[in-house]
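Below is one structure; the comments refer to it alone.
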Amino acid sequence: MIYSCSEFTVFTDSVVSDSGNVLTATVSEARYSIEYPRYSSRQTLINQLYEAGVEGIDGVNLNTRDICLSIYLSLAYIDPRRSMEILRGMVSDGWMGLDAKIWPLAGNQAMWVVAAWEVYKVTGDNAWLREARDVTASFIDNGLLVCMDRNTGLFHGVQGKVAGSSGYCPQWMGPVDMYQACWLAANVEYAEAIRILSKMDMALGSLETSKDYGDLHVKLADDINMNFWMADKERYSSCLYGNLYPMQSPAVDLTGLSLGILFSVATDDMAKVIVGSTYLPVRSRPIEAVLWGVASAKANNNDALCAAIGVLCHSVLQSGDAIDVPALNFRVIAGMSFGQEGIRFAPKVPTVLRGEKVIDNFHYRGSVLRIEIVGTGNIVESFYIDDKVQRSPLVKSDIEGHHTVRIVLSGELDKDDAPENPPSPFPATPVVQWRTSGTSKIVNYDDRYIYNVYVNGVYNDELEHSTFLLPSSSGSTVYAIEAENSSGEGGFVCRPLWVVPKDRQTLVQPEYFVKRGTGLIEDKIISKRYVESTRIKNRSIKFYTDSMSAGEYYIDVNYMALGDSLLSSDICPIRMLYVNGQRTGALIFPQSGSSTFGSGLFSNVLTAHLRQGKNTFEIVREVPYCVNDVRNPLPIVIDYVRMIRK
């Protein structure tokens with residue numbers, strides 16, 4: 001037996017459900033390419049799932065956010081040239097990724113970088129390295145100007161699967177809220193992409209820029225650990241949400257946690273406690289189980305690794321999605337990791353996977369390898385190439401011809417515990433009817449929960465009833481409420497209420513400074529209240545206002561949405577904001593949903609220092625940072641600009 005839980009038991013040849021149904025793998029007679037590696041062991045189920053994964057390569061769906069992750073995990077090892085062509089095909093007009101047009105709201109560009117580097121490490125193709133470096137540098141430099149938060153050092157915007165998922169954030173969050181949040185997965189992917197750019201420049205001899213990006217990677221990793229780590233839960237938060245005063249989300253992001261471990265953002269000690277305290281749902285997707293298995297192996301946790309293998313087997317048999325299974329064979333059982341010097345081997349084989357394992361016909365640069373793993377454990381007792389003992393478990397990159405690699409293991413993985421039961425569900429997110437004067441009410445109040453009030457992100461009080469008065473406060477104030485269960489576990493906070501006294505707020509009408517009107521509004525009188533910005537018309541909107549006092553101000557823009565959904569508009573326009581000649585940051589204008597004229601949507605919020613007296617502003621479509629809409633430029637229709645004194 002490999003693994004057992006309340007719903008199923010995984011044996012070496014099958015999975016048996018709690019109702020007695022037996023699931024086995026079916027491999028078609030049309031065998032996979034003779035050029036692909038083969039795998040064999042005593043565990044026939046794992047053999048069959050590996051074959052199913054390799055068979056699926058030719059039919060892999062390229063139109064998924066997971067494709068770059070799949071290339072990183074194992075496709076680069078099985079078919080590096082095809083992986084290279086897939087990645088090359090994702091680059092168009094200088095932008096890469098499936099979600100380039102709605103970047104920076106969402107995207108998979110950082111994982112493109114990770115996948116591209118993995119392909120280079122396998123192939124050693126310097127032409128590909130130079131090509132990938134140019135694309136990577138463009139993405140990173142754009143991200144630093146458009147997405148990086150100048151206060152926290154973290155990156156805004158959603159990366160990867162979270163962009164299309166639920167459960168990682170409260171339902172009240174719209175596109176701007178999603179962008180303004182800082183996501184664990186996005187930030188660890190950015191950190192790895194920046195580290196890779198440093199490595200690329202080092203390989204190409206650009207030592208100065210390599211150091212700069214290397215320093216930036218170290219700082220971002222530190223910022224992630226400082227802002228996302230939840231010591232009481234012994235893991236990272238899935239995101240920091242809530243806009244002006246971010247809160248740590250209580251949700252578990254398995255992909256973000258796994259990548260944080262694999263990309264070494266988490267320290268070794270952090271990795272051990274993350275894996276030892278985080279529950280792997282038995283109905284996880286195959287790619288999540290694979291990632292968790294590889295992360296568990298790195299953390300040297302036997303129980304968590306066996307659970308991941310068991311969940312993976314069950315999930316693949318249920319879904320038929322086996323494309324990422326080979327990562328288990330390469331990265332865990334053989335412990336393969338690629339570098340510029342060659343392939344290093346550090347197998348992690350649980351005792352339940354007894355017997356010899358063989359990876360045959362593995363093509364690596366100018367060689368074809370047969371890799372034999374003997375025994376179980378995590379210590380390489382001896383390492384042979386063609387029966388000759390080697391000093392270290394390394395196959396050098398200049399190897400040529402056919403060779404046999406033999407690895408003899410001893411020792412065992414740590415018997416650390418892994419949670420067997422799922423955590424209790426979150427309390428329902430409060431739905432609040434806010435009243436700035438008078439009594440506010442929690443509509444879905446449940447007396448089983450405690451309700452905590454937060455003012456400007458800081459705990460203020462506990463509510464005893466469904467109705468309440470807002471705590472008094474002067475100045476710009478943000479209120480939020482969180483439900484907490486009897487175990488002390490909090491859920492998501494409600495949609496925050498931002499209260500702004502009139503004397504702290506200034507509204508500027510850009511139509512008094514630039515050409516007004518838009519052809520998108522038939523009523524010419526109403527049209528003159530708005531300013532339309534395109535790549536030609538009002539590309540730069542300059543205006544000024546007087547400030548009564550110097551200090552920090554929040555700035556955002558009220559605008560009209562032009563599309564019914566991201567699927568229909570498919571573009572997230574960007575504009576850069578300058579204050580007194582200094583670049584302040586990027587404003588994004590998602591076109592999701594619709595808004596009636598006179599009651600528009602708000603962009604994200606930026607922070608800037610204004611001086612007393614006259615201040616100048618410019619909202620500009622700046623090249624190249626604001627041109628993700630090259631093929632189908634979408635106009636922005638602006639009503640007013642809002643400035644709020646902190």
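The values are calculated or read from the model by the stated rules, or taken from the named source; none is laboratory data. In this text, all values refer to a predicted model and were calculated from it rather than measured experimentally. Note: ideal-geometry Cβ built from the backbone for every residue, glycine included; neighbour counts use all protein chains shown. When the accessible area is computed, the model is the full protein with side chains, heavy atoms only, and any ligands, DNA or RNA have been set aside. Shrake-Rupley method; radii C 1.70, N 1.55, O 1.52, S 1.80 Å.
What you get for the stretch 197-256, charging only the Cβ of Lys and Arg (+1) and of Asp and Glu (-1), is a dipole of about 120 debye around the Cα centre.
For the stretch 263-404, the normalised intensity computed at q = 0.11, 0.15 Å⁻¹ comes to -0.45, -0.81 (log10 of I(q)/I(0), Debye sum over alpha carbons, equal scatterers, no solvent). Straight-line reach only, C-alpha to C-alpha below 12 angstrom: list the aspartates and glutamates that Lys646 could link to, leaving out same-chain residues fewer than 8 apart. Straight-distance partners of Lys646: Asp503, Glu552. Output the 0 to 90 degree angle, nearest 10, between the alpha-carbon long axis of helix 268-277 and the longest principal axis computed from the alpha carbons of the chain. On a 0 to 90 degree scale, this one is about 90. Within straight-line reach of Lys542, meaning a Cα separation under 12 Å, sit the following aspartates and glutamates at least 8 residues removed in sequence or on another chain: Glu511, Glu618.
Shown in residue order for the stretch 446-462 are the 3J(HN,Hα) couplings computed by the Karplus curve 6.51 cos²θ - 1.76 cosθ + 1.60 at θ = phi - 60°: 10, 5, 6, 10, 9, 10, 9, 9, 10, 10, 6, x, 10, 4, 10, 6, 10 Hz (x for Gly and Pro). Sorted largest first, the spans of the alpha carbon positions of the stretch 251-325 along the three principal axes are 35, 22, 20 Å.
Using the Karplus relation 6.51 cos²θ - 1.76 cosθ + 1.60 with θ = phi - 60°, the per-residue 3J(HN,Hα) values for the stretch 4-14 come to 9, 9, 5, 9, 6, 10, 9, 9, 6, 10, 6 Hz, with x marking Gly and Pro. What the chain shows is 42 Å² of accessible area per residue, with the surface traced by a 1.4 Å probe over protein heavy atoms.
Over the C-alpha atoms of the stretch 447-554, the Rg to Rh ratio, Rh being the Kirkwood estimate, stands at 1.18. May I ask which residue of Ala483, Gly517, Met548 lies farthest towards the positive end of the charge dipole of the stretch 468-559, with charges of +1 (Lys, Arg) and -1 (Asp, Glu) on Cβ and the Cα centre as origin? Of the options given, the answer is Gly517. Computed with every protein chain present, the accessible area of Arg88 is close to 80 Å² [probe 1.4 Å].
What the Kirkwood sum gives for the stretch 499-547 is a hydrodynamic radius of 12.4 Å, with every pair of different alpha carbons counted. The alpha carbon centroids of the stretch 328-381 and the stretch 112-152 are separated by 28 Å.
Using just its DSSP H runs of length 4 or more, each adding -39500 (n - 2.57), the chain gives a mean residue ellipticity at 222 nm of -8000 deg cm²/dmol after division by all residues.
Relative to the longest principal axis of the chain, what angle (0 to 90°, nearest 10) does the C-alpha long axis of helix 302-319 take? Roughly 80 degrees, rounded to the nearest 10. Just to be sure I understand: of the beta bridges DSSP finds with both ends in the chain, what percent are antiparallel, rounded to 5? Here the share of antiparallel DSSP bridges comes out near 90 percent. By the rule of a C-alpha distance below 19 Å, with chain neighbours fewer than 8 residues away ignored, the aspartates and glutamates paired with Lys441 are Asp461, Glu462, Glu464, Glu482, Glu484. Computed with a 1.4 Å probe on the full set of protein chains, the accessible area for Asp269 sits at about 120 Å².
P(r) for the chain, from all Cα pairs and a bin width of 20 Å, is 18, 47, 28, 7, 0 %, short bins first.
What does the charge count around Thr607 come to, taking other residues whose C-beta lies under 11 Å from its C-beta (Lys +1, Arg +1, Asp -1, Glu -1)? Net local charge, Thr607 excluded: -1. Among the trypsin sites (Lys or Arg not before Pro) in the stretch 303-398, those placed in a DSSP loop whose Cβ has at most 14 other Cβ atoms within 10 Å are Arg354, Arg391. Between the helical axis of 184-203 and the dominant principal axis of the chain, each derived from Cα atoms, what acute angle in degrees is found, rounded to the nearest 10? The answer is roughly 70 degrees. Both radii are taken from the alpha-carbon atoms of the stretch 163-260; with Rh as the Kirkwood radius, Rg/Rh is 1.05.
Electrostatic tally near Met230: other residues with Cβ closer than 13 Å to its Cβ, Lys and Arg +1, Asp and Glu -1, net -2. Please go through the residue pairs Lys199/Lys233; Lys357/Lys388; Lys121/Lys388 and name each one whose alpha carbons sit more than 22 Å apart in this structure. Correct reply: Lys199/Lys233; Lys121/Lys388. For the stretch 203-301, the normalised intensity computed at q = 0.16 Å⁻¹ comes to -0.74 (log10 of I(q)/I(0), Debye sum over alpha carbons, equal scatterers, no solvent).
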